[in-house]
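What follows is a set of notes on a single structure, which appears directly below.
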């Protein structure tokens, strides 16, 4: 699967996920935005590039494709290169096995 930044309306974003949850679980969308991407991402100690790599790694091992797409795009936006992302996923192989997808 190829991940690229795009204006495609089908591309996952944090706001889209929150909006999709509005009718069935509005509080969950709020928690995602305010807690995970507000309080956690605003902490000191890691750059956004480092946070993106830390987030992408477990998503690869879990095979959570929609979340991987979202966070790979987040990583690209934060300044990670395609090569850094690919190398990070490759680096995981001896520790976690080959990616599920």
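No value in this document is a laboratory result; all are computed from the given coordinates. Everything quoted here is computed from the prediction, not taken from an experiment. Cβ coordinates were reconstructed from backbone atoms using ideal geometry, including for glycine residues, and neighbour counts include every protein chain displayed.
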Residue within the stretch 36-43 that is surrounded by 14 or more Cβ atoms within 10 Å (Cβ to Cβ), touching a helix residue (DSSP H, G or I) at 6+ places or on another chain (Cβ under 9 Å), without any contact (Cβ under 8 Å) to a residue 24 or more places away in the chain and part of a loop (DSSP other than H, G, I, E, B) present:
yes
Kindly list the number of the only condition in (1) in contact with a helix residue (DSSP H, G or I) (Cβ under 7 Å, 6 or more places away or on another chain); (2) loosely packed, with under 13 Cβ neighbours inside 10 Å; (3) in contact (Cβ under 8 Å) with a residue 12 or more places away in the chain that fails for residue 22.
(3)
Answer yes if at least one residue in the stretch 83-100 is surrounded by 12 or more Cβ atoms within 10 Å (Cβ to Cβ), in contact with a helix residue (DSSP H, G or I) (Cβ under 9 Å, 6 or more places away or on another chain) and within 18 Å of residue 37 (Cβ to Cβ), and no otherwise.
no
